[in-house]
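In what follows, a structure is listed as structure tokens, so that the remarks can point back to it.
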Amino acid sequence: MNFSIEQLLSFVTVYEERSFSKAAAKLNKHRTTTGQVITSLEDTLAVELFERVGKSVEPTEEGHVLYHYAKLSIDQSRIFDKIALSLSFGGLERVNFAYPNLIPHGLLAAIREQLARDFPNLRVNFLVRSKQEIEQGIEDGTIHFGLVNVDQAKGMFSKDSTLIGHIELAPFVKRNGDLAKVPAGERLNALRTSRQFILSALVNEGLQDKLVLSADNEEVEQLALAIKFVQSGLGWAWLPRILSESQYVTEHLEVIKLDELKQGVKLSFALWNPHSKPVLSVKKSILEAVDHYIQHFLSVQAEEG
């Protein structure tokens, strides 16, 4: 059975637009041509894909089923084009690295230091983006790498995804502040009745229902600002436990231990990048930096006991 990418693209576009005229305009083709392409595909498949109702069309049951496979085939074709294109070019001169604003700055600095050692002339732009923005940026080529929470991610066919580990969130309070002095059995209630700062990145991930404990809560866009607010004793916040490896942070903040919480909330993170030859060596460097940073944190934790 032979059919072309052009036929599949026409089918997908008509399906999504529910109109031959709108689909033809989107494909920059004549309506008659688009109709002929669909008819030819139906003849090839021996399946009716659409029911013609006046000027509009509605997918048949078979059309609904085949749409998802046609969409996937088109995506795979685009991946093939990207990979083929990447093989014809040399290395990169600049990369865009995107991340949500809950990634510790120490980790980002470790990545940049590793890239500076391995690629002295490479220019790297670090950009704060949501998971949706990172996914779209990798699709359209404006983002080369993205660190994303993948706990609720769907299967991805058009991106290279490498699980790098977990970031554990813990309740941080001002060191030796009022919340830090609350008796162990009363701490959870104290957090529930105190001002809580919640990072926008966690809200964007749909985690507010899981992490918001206090009715008195405020959303904060920047990780550094949330840290500053907690350091000032204005409230408490779920922050990455890996922050505790920083001497500056630990002089001003501490993790409050709860009898009801034996460990923090763990989020799985992955490195996303396009399937492209030029990014492979850069990816290897990034993963090496992440691994060294995590191993350093674990060793510090082990020493502290």
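Observations
- Förster-model FRET efficiency, 22 Å R0, Tyr69 and Leu280, C-beta, rounded to 0.05: 0.15
- For semi-axes √(5λ) of the Cα gyration tensor in Å, the value calculated from this model appears in (i) 36, 25, 19; (ii) 30, 21, 19; (iii) 48, 25, 15 under label (iii).
- You can think of it this way: the chain between Glu61 and Gln132 has 22.5 nm of extra reach, that is 0.36 nm per residue less the Cα-Cα gap.
- Ordering 186-197, 166-177 by mean Cβ neighbour count within 10 Å, with the highest value first, yields 166-177, 186-197.
- The apolar share of the surface of the chain, taken as the fraction of accessible area on carbon and sulfur atoms (1.4 Å probe, ligands and nucleic acids excluded), comes to 50 percent.
- Charged neighbours of Val230, selected by a Cβ distance under 11 Å, balance to +3 (K, R count +1; D, E count -1).
- Pairwise FRET efficiency - Ser161 versus Val47, Cβ, R0 = 30 Å, nearest 0.05: 0.35
- Probe 1.4 Å, accessible area per residue of the chain, Å²: 54
- Label point distance in nm, Gln76-Val203, each placed 7 Å from Cα along Cα→Cβ: 4.1
- Rounded, prolate or oblate (a/c below 1.5 giving rounded, otherwise prolate when a/b exceeds b/c) for segment 111-153 by Cα gyration tensor: prolate
- Environment charge of Val220, counting only residues whose C-beta is closer than 12 Å and scoring Lys/Arg +1, Asp/Glu -1: -1
- The helix-only estimate of mean residue ellipticity at 222 nm for the chain, built from DSSP H runs of length n ≥ 4 each weighted as -39500 (n - 2.57), is -14000 deg cm²/dmol after division by the residue total.
The values are calculated or read from the model by the stated rules, or taken from the named source; none is laboratory data. Quantities reported herein were computed from a predicted structural model and do not represent experimental measurements. Please note: Cβ atoms are built from the backbone with ideal geometry, for glycine as well, and neighbour counts cover all protein chains shown. We work out accessible area using only protein heavy atoms, side chains counted, and drop any ligands, DNA or RNA first. Shrake-Rupley method; radii C 1.70, N 1.55, O 1.52, S 1.80 Å.
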